[in-house]
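Asks: There's a structure below that I have some questions on.
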Ligand code: DOR
């Protein structure tokens, strides 16, 4: 038997209890539980949350193992408090067949840091022309439920309609990277005052919003599920609010970087701030925070996009877009949403665990994710020290890449332990009690 006793922890930031994890499940929750033969961890009144679930991670394997591997990316995920991540399909080869999604799923299982749910490409080679074999990916060992050409938009309305229809057969969802390509030719940053000043080609808000509006209408028309990746504009939040008011099955995510950073960072010409969709204005950031607070935005997803040095440390125009984000996600959410009182810890659990797991259908099956902290549920949990803070140092990251936009920034709260089915994947040794022989509390 493997058993852990997490002493003095506050589930969802509420009243302190002891929690026992036995054989991969939450076995007991209560005050002053006897030690028995459990290993003991001193929670020091830290916040206990269900393991976080990311709907949007780029693990780069196969193809760009110099930027990230499934092993390094999932290690970074565990350090960030995640027990499951969805691995995006824009690998090389593209994850557009059962063979590739099964390979990624197996690599994740073998690494053992967190569950890896591969995302399947919507179109062959992400080329936007021919639908991939979504059904065989859904039926594979990887059990794919999320399909996305992320990095590229499924811009052909007919193809998008067919994909939305097709995924209904296995309760799948199409996750759209909303970017009308004809409106973003050569785009380098948000279109606005700063892009005019810098003379860089702009990526207008309407390029995102036009696709979201179209896809909401398509999803409603065919009665399917649509998920919108990384919304970044105030107008997108308005559109989604409208679609939800109609009762349509539309969900959306926001990234931590779009909750915190703005487009004036482009004035540094530091490509670490280049990302797709681009950083927007302070008004957009405020609308995203409000949308996340009121539930219009369902969840936070990292869009962890590691890049090798030579792809990122180039001049702005040549650098690839993307930022790492797994290890910093929770800290950014605490800074932007919890500290100012806009989200409770219970709502953080909803937006970073339950909702993304539900959208990806990871809350079903033999080993579900995103489940509540309750007796009998899988012991996927993260312990957070809410009073701690840490300064982001890219050299300390478990990711193989260094392109964090938060380098040097001090973020609030710290993950001190992550458990995957009752096994610690991250454990700060300072909180493990060594002498715990005998029954009862020491
Ligand atoms: O900035 C981004 N980087 N946005 C995307 O949609 C793709 C991602 C990547 O794969 O690097």
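Asks: May I ask you to sort 4, 203 by Cβ crowding, counting other Cβ atoms within 10 Å and putting the fewest first? All intermediate terms of the calculation are to be shown ahead of the outcome.
Replies: Numbers: 4 23, 203 27.
If I rank by nearby Cβ atoms, fewest first, I get 4, 203.
Asks: Which order do the peptides 261-267, 341-347 take when ranked by the mean count of other beta-carbon atoms within 10 Å per residue, highest first? All intermediate terms of the calculation are to be shown ahead of the outcome.
Replies: Details: 261-267: 18.3, 341-347: 15.7.
Top of the packing list down: 261-267, 341-347.
Asks: Next question. Place a point 7 Å from the Cα of residue 193 along the Cα-to-Cβ direction; which residues of region 271-291 have their backbone N under 13 Å from it?
Replies: 281-284
Asks: Hey, another quick one. First measure r as the distance between the Cβ atoms of residue 37 and residue 170, then evaluate 1/(1 + (r/R0)^6) with R0 = 60 Å and state the FRET efficiency to the nearest 0.05.
Replies: Details: r = 43 Å, r/R0 = 0.72.
Efficiency, rounded to the nearest 0.05: 0.90.
Asks: Over region 328-442, how many percent of alpha carbon pairs lie in each 5 Å bin up to the one with the longest distance?
Replies: 2, 10, 15, 18, 20, 17, 11, 6, 2, 0
Asks: For residue 156 and residue 182, compute 0.36 nm times the residue count separating them, minus their Cα-Cα distance, and round to one decimal in nm. If you can, show how the numbers build up before the last one.
Replies: Details: separation 26, 0.36 × 26 = 9.36 nm, distance 1.17 nm.
Stretched fully, the residue 156-residue 182 segment lengthens by 8.2 nm.
Asks: Using 7 Å Cα-to-Cβ label points, what is the residue 106/residue 377 separation (nm, one decimal)?
Replies: Once both label points are built, they end up 3.3 nm from each other.
Asks: Evaluate the distance, in nm, between pseudo-label points positioned 7 Å from the Cα of residue 66 and of residue 206 along their respective Cα→Cβ axes.
Replies: For the pair residue 66/residue 206, the computed spacing is 4.0 nm.
Asks: Next up: Could you give the length gained by full extension between residue 221 and residue 342, i.e. 0.36 nm per residue of separation minus their alpha carbon distance, to one decimal place?
Replies: Between residue 221 and residue 342, full extension yields an extra 40.1 nm.
Asks: Can I ask one more? Determine, for 194, 250, the number of other Cβ atoms within 10 Å of each Cβ, and report the residues in order from fewest to most. Intermediate values should be presented prior to the final figure.
Replies: Details: 194 20, 250 23.
Starting with the residue having the fewest Cβ neighbours, the order is 194, 250.
Asks: For the chain, take the longest principal axis of its alpha carbons; what is the angle in degrees between that and the long axis of helix 98-111, to the nearest 10 within 0 to 90?
Replies: In the chain, helix 98-111 runs at an angle near 30 degrees to the longest axis.
Asks: So if we plug the beta-carbon distance of residue 364 and residue 268 into 1/(1 + (r/R0)^6) with R0 = 35 Å, what FRET efficiency do we get, rounded to 0.05?
Replies: Numbers: r = 45 Å, r/R0 = 1.28.
Computed FRET efficiency for residue 364 and residue 268 comes out at 0.20.
Asks: What angle do you read, to the nearest 10 degrees and between 0 and 90, between the alpha-carbon axis of helix 70-79 and the longest principal axis of the chain?
Replies: Roughly 60 degrees between the two axes.
Asks: For region 373-429, report the convex hull volume of the alpha-carbon atoms normalised per residue, in Å³, without decimals.
Replies: Numbers: hull volume 6.6 nm³, N = 57.
Output value, Cα hull per residue: 116 Å³.
Asks: If you don't mind, another one. Which FRET efficiency value, to the nearest 0.05, is calculated for residue 407 and residue 16 with the Förster distance at 35 angstrom and r the Cβ-Cβ distance? List each step's numbers first, then the result.
Replies: On the way: r = 35 Å, r/R0 = 1.00.
Once rounded, the FRET efficiency stands at 0.50.
Asks: Tell me the angle of helix 205-222 to the major Cα principal axis of the chain, expressed in degrees between 0 and 90 and rounded to the nearest ten.
Replies: That helix lies at roughly 80 degrees to the long axis.
Asks: Let me ask something else about it. For the chain, state the semi-axes of the equivalent ellipsoid (square roots of 5 times the eigenvalues of the alpha-carbon gyration tensor), sorted largest first and rounded to whole angstrom. Mind dumping the intermediate values first?
Replies: Values: eigenvalues 249, 116, 83 Å².
In descending order the semi-axes read 35, 24, 20 Å.
Asks: List 312, 274, 246, 168 from most exposed to least, where exposure is judged by having the fewest other Cβ atoms within 10 Å. All intermediate terms of the calculation are to be shown ahead of the outcome.
Replies: Numbers: 312 23, 274 26, 246 10, 168 13.
Ranking 312, 274, 246, 168 by Cβ neighbours within 10 Å, fewest first, gives 246, 168, 312, 274.
Asks: Here's something else I'd like to know. Per DSSP H run of n ≥ 4, the term is -39500 (n - 2.57); total these for the chain, divide by its residue number, and report the mean residue ellipticity at 222 nm rounded to 500 deg cm²/dmol.
Replies: Counting only the DSSP helices, I get -7000 deg cm²/dmol.
Asks: So, by mean Cβ neighbours within 10 angstrom, what's the order for 12-21, 321-330 with the highest one leading?
Replies: Working: 12-21: 18.9, 321-330: 26.7.
Highest to lowest by the protection proxy: 321-330, 12-21.
Asks: What distance in nm separates the simple spin-label points at residue 395 and residue 241, each placed 7 Å from Cα in the Cβ direction?
Replies: Here the answer is 4.6 nm between the modelled labels.
Any read-out appearing in this document is the output of simple, stated calculations on the displayed coordinates, not a laboratory observation. Everything numeric here is computed off the predicted structure, so don't read it as measured data. Cβ sites come from the backbone with ideal geometry, for glycine too, and all protein chains shown count toward neighbours.
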